Amino acid sequence: MAIAGTQVAINTTEGEDKITIQEKVTSPYFSDGSTELTSIVSESLSDTNETYFFGIANSSTATTTEFDVAYGQIDGNGGDDDSNDIKSPTEAVYKQFTNLLLPANEVTGGFFISSNGSSPAIASGKDSEIFALVATRANMKDRLNKKNWTITLTGSLSDGSDAGILELTDDSVNDSPTATPAGNRYNIVSGSDGTIVKAASITTYGFFYPDQGLMVFSGAELSASMPGKHGSIDSVVVFDSGSQTGFGCTSNQDANYKSALRFINCLSIPGGKLKFRDEEDQISSQIFCRIRAGHCNFSNNPTFVSGSHNELRHSSMKGNPSTAITQVQLYNSTGDMIAVGKLSTPLLKNFSKEATIKVKLTY
C-alpha cells in the first residue's frame with residue numbers, strides 16, 4: 001500500500017487487515033433493463049438454426065435474443081429425418097438435454113417429469129416430448145434468480161375455446177432441491193413469483209436449473225392445459241396469434257413442424273409474459289489501511305525538497321509537518337499497482353495523528 005508517498009505493509013491474512021464478503025446481487029434480466037417481457041415475438045433466425053430452436057425477442061428489438069426455446073421428442077417426431085438418412089433434429093435436441101442435465105445412470109431413460117405428480121398427464125413412464133427454455137448467458141450472468149420469476153402462458157383448447165392462462169414458477173420456497181450434474185434442480189409448478197398454487201406432488205410441469213439458466217417442460221403437461229386447436233397439430237406452425245395457440249404436437253417425421261414455436265405463440269398473444277431477474281455473485285474485499293503516527297508525514301513528491309542534499313523546501317515542513325492524504329494505491333507482492341482509491345476529502349495527517357482508511361474492492 002502506498003499513501004501520500006509512503007509505503008505501508010498490509011497483513012492480507014483473512015481477518016487481519018482484510019475481510020472478504022460474498023454477496024448475491026440481483027438485477028432485471030431483460031436487455032432493456034426491465035423484469036418483464038410482454039411484447040413477445042419470434043426472432044428471425046436462419047433456416048438451419050430453426051431446425052433446432054427459435055429465439056424469443058422483444059417486439060421493439062426483434063434482433064436481440066432474450067431466450068431460446070427448443071422442442072425435443074425422444075423418437076424424432078415433429079422433425080425432418082430426411083427419409084431416415086439423418087437423425088431427426090427433435091430427437092437430437094431431446095438427447096442433448098438428457099446428456100447435459102441427467103446423471104450418467106439416467107441418461108438413457110429420459111426425463112421423468114409429469115409422472116412425479118399424483119394426478120399427472122402421464123400415469124407412468126417418461127416424458128417423450130419436452131420444451132426447453134434457455135436463457136442467454138449475457139442476461140442471466142451467474143444464474144437465474146429463483147423464486148422471482150413467472151411464466152404466463154395462454155392459448156386455445158382443442159375445440160378452439162379460450163384456455164385461459166397458466167402461470168408457472170419454481171418451488172424453491174420449499175428449500176428442497178434435487179442435486180444433479182447441472183447443479184440444484186427445482187420443480188416447475190403452478191404459481192407466480194415463487195408462490196405455489198398447486199404443489200409438485202399434484203402436478204409437476206417441468207424442471208428448473210437456475211445455475212444453467214435452463215428450464216425443461218413436460219410436453220404432456222403443457223398439452224394437457226393447452227392442447228391446441230383441433231385438427232391443426234399436423235400443420236407447420238406459423239407465427240400467428242390467431243392459430244396454433246396450444247401444445248398439441250404432431251407424430252410425423254417428414255418435415256420441420258416448428259413445434260418450438262407453439263411455446264412462443266402461447267407467450268405472444270395478450271396475457272402471455274415472461275418475468276425474470278438474474279443473479280450474480282459479487283466478492284467484496286475490505287482492506288483496512290492502518291496509518292501509524294510515523295507514517296505519511298512527508299511526501300516523495302520531488303517538489304517537497306530541493307538541492308542536491310534533498311533539503312525540505314519549506315521550513316513549515318520541519319518538526320511536525322502536516323500533510324494531506326488524497327488517495328490510496330494498492331500493490332500486489334510483485335510491486336504491480338492493482339487498485340487506486342481516492343478519498344472524497346483530503347485527510348490531514350501529522351505525527352500526532354493515526355488513521356485507518358477502509359478500501360472496498362468489489363469484483
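The values are calculated or read from the model by the stated rules, or taken from the named source; none is laboratory data. Given the structure is predicted, the values throughout are model-derived calculations rather than measurements. Every residue, glycine as well, gets a Cβ built from its backbone with ideal geometry; the counts of neighbours run over all protein chains shown. Remember, those area values only see protein heavy atoms, side chains included, never the ligands or the DNA or RNA. Shrake-Rupley method; radii C 1.70, N 1.55, O 1.52, S 1.80 Å.
Students often get this wrong: which residues of segment 73-111 have the backbone nitrogen under 12 Å from the point 7 angstrom along Cα-to-C-beta of Asp47?
none
Could you give me the ³J(HN,Hα) list for segment 76-85, computed from phi with Karplus coefficients 6.51, -1.76, 1.60 and θ = phi - 60°, whole Hz, x at Gly and Pro?
So the J values, rounded to whole Hz, are x, 4, x, x, 9, 8, 6, 6, 6, 7.
Provide the per-residue ³J(HN,Hα) series for segment 18-27, in order, calculated from phi with Karplus coefficients 6.51, -1.76, 1.60 and θ = phi - 60°, each as a whole number of Hz, with x at glycine and proline positions.
9, 10, 10, 10, 10, 10, 9, 10, 10, 8
Over 29 Å between Cα atoms: which of Lys95/Lys146; Lys24/Lys95; Lys141/Lys273; Lys95/Lys141; Lys146/Lys358 fall into that group?
Lys24/Lys95; Lys146/Lys358
I'd like the antiparallel share, as a percent to the nearest 5, of DSSP beta bridges with both residues in segment 1-131. Provide the component values of the computation, followed by the final result.
Working: 15 of 16 bridges.
If I count the DSSP bridges inside segment 1-131, around 95 percent turn out antiparallel.
Report the gain in length on full extension from Glu106 to Asn350: 0.36 nm times residue separation, minus Cα-Cα distance, nm rounded to one decimal.
Separation in residues times 0.36 nm, less the Cα-Cα distance, equals 80.8 nm.
How large is the accessible surface per residue of the chain, computed with a 1.4 Å probe and reported in Å² as a whole number?
48
Excluding same-chain residues fewer than 8 positions from Lys353, which lysines have a Cα within less than 18 Å of its Cα?
By straight Cα distance, Lys353 reaches Lys318.
Based on Cα coordinates alone, diagonalise the gyration tensor for the chain, multiply each eigenvalue by 5, take square roots, and list the semi-axes in whole Å, largest first.
After scaling each eigenvalue by five and taking roots: 61, 20, 19 Å.
Relative to the present Cα-Cα distance, how much length would full extension add between Thr195 and Thr12 at 0.36 nm per residue of separation?
Using 0.36 nm per residue and subtracting the Cα-Cα distance, I get 61.5 nm.
Please label the shape of segment 65-138 as rounded, prolate or oblate, based on the square roots a ≥ b ≥ c of the eigenvalues of the alpha-carbon gyration tensor (a/c under 1.5 means rounded; beyond that, a/b larger than b/c means prolate, else oblate).
Oblate, because a/c is 1.5 or more while a/b does not exceed b/c.
Rounding to the nearest 10 and keeping the result within 0 to 90°, find how far the Cα-based axis of helix 89-101 lies from the longest principal axis of the chain.
40
Find, to one decimal place in angstroms, the Kirkwood hydrodynamic radius of segment 113-222, where the mean of 1/r is taken over every pair of different Cα atoms and then inverted.
14.3
Ignoring ligands, DNA and RNA, what percent of the 1.4 Å accessible area of the chain is carbon and sulfur?
47
Quick one: divide the alpha-carbon radius of gyration of segment 1-144 by 2.2 N^0.38 Å and tell me what you get. Write down the numbers at each step before the final one.
Working: Rg = 23.5 Å, N = 144, 2.2 N^0.38 = 14.5 Å.
So the Cα radius of gyration is 1.62 times the expected 2.2 N^0.38 Å.
Taking the simple approach of a point 7 Å from Cα along Cα-to-Cβ for both Ser251 and Ile19, what is their distance in nm?
Distance between the two pseudo-spin positions: 6.6 nm.
Report the FRET efficiency, 1/(1 + (r/R0)^6), for Glu36 and Ile269, where r is their Cβ-Cβ distance and R0 is 22 Å, rounded to 0.05. Numbers along the way, then the final one.
On the way: r = 16 Å, r/R0 = 0.72.
Given R0 = 22 Å and the Cβ-Cβ separation, E is 0.90.
Taking 0.36 nm per residue of separation and subtracting the Cα-Cα distance, what length does fully extending Ser60 through Ser27 add?
9.8 nm
Quick check on packing: order 330-337, 67-74, 251-258 by the mean number of other C-beta atoms within 10 Å, highest mean leading.
So the peptides 330-337, 67-74, 251-258, ranked by packing, come out 67-74, 251-258, 330-337.
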